[in-house]
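In what follows, a single structure is set out as structure tokens and then discussed.
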Amino acid sequence: MQRQVEFEIAALAAGEISGALNKAALGEVFRFTGFLARRNRNSKSVVFHIVDFGPVASD
């Protein structure tokens, strides 16, 4: 059974990825690769750390 899930989460991109993300076109659809980590050591909230991204092929 396939399901589509939508949610919002804080994300962080650093280094070369942040430069490439800054040049990405608004309104495009991308697939992100990364990991979740706590916002800080004592936090219960998480941040998605982007390590790579690329465009999603349209069907």
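The values are calculated or read from the model by the stated rules, or taken from the named source; none is laboratory data. Keep in mind the model is a prediction, meaning the values are calculated, not measured. Don't worry about glycine lacking a Cβ; one is built from the backbone with ideal geometry, like all the others, and counts go over all protein chains shown. For the accessible areas, the whole protein counts, side chains as well, though only heavy atoms, and no ligand, DNA or RNA atoms are used. Shrake-Rupley method; radii C 1.70, N 1.55, O 1.52, S 1.80 Å.
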I'd like the chymotrypsin sites (Phe, Trp or Tyr not before Pro) in the chain restricted to DSSP loop residues with at most 12 other Cβ atoms within 10 Å, sorted by number. Phe7
Under the Karplus relation with 6.51, -1.76 and 1.60 and θ = phi - 60°, whole-Hz ³J(HN,Hα) for region 3-16, x at Gly and Pro, equal 9, 9, 10, 10, 7, 10, 8, 5, 10, 9, 10, 10, x, 4
Dipole of the chain (Lys/Arg Cβ +1, Asp/Glu Cβ -1, origin at the Cα centre): which of Phe35, Gln2, Phe53 lies farthest to the positive side? Phe35
Distant-in-sequence amide H partners of Val46 (H built 1.01 Å from N, under 5 Å): Arg39
Carbon plus sulfur fraction of accessible area for the chain, probe 1.4 Å, in percent: 51 percent
If each of Leu12 and Phe53 carries a label point 7 Å out from its Cα toward its Cβ, how far apart are those two points in nm? 1.6 nm
In square angstrom, what is the accessible area per residue of region 1-48 with a 1.4 angstrom probe? 99 Å²
Sequence-distant residues sharing a close amide H with Gly34 (under 5 Å, placed H): Val51
Only four residue types carry charge here, +1 at the Cβ of Lys and Arg and -1 at the Cβ of Asp and Glu. Report the dipole size of the chain about the Cα centre in Debye, rounded to the nearest 20. 420 debye
Calculate the FRET efficiency for Arg3 and Phe30 from the Cβ-Cβ distance with a Förster distance of 22 Å, rounded to the nearest 0.05. 0.60
Go through region 1-49 and name the trypsin sites (Lys or Arg not before Pro) that are in a DSSP coil and have 15 or fewer other Cβ atoms within 10 Å of their Cβ. Arg3, Arg39, Arg41, Lys44
From phi via Karplus (6.51, -1.76, 1.60), per-residue ³J(HN,Hα) for region 38-55 in Hz, x at Gly/Pro: 4, 4, 8, 4, 9, 7, 9, 8, 10, 10, 8, 8, 7, 10, 6, 7, x, x
In Å, what is the Rg of the alpha-carbon atoms in the chain, and how long is Dmax? 13.5, 43
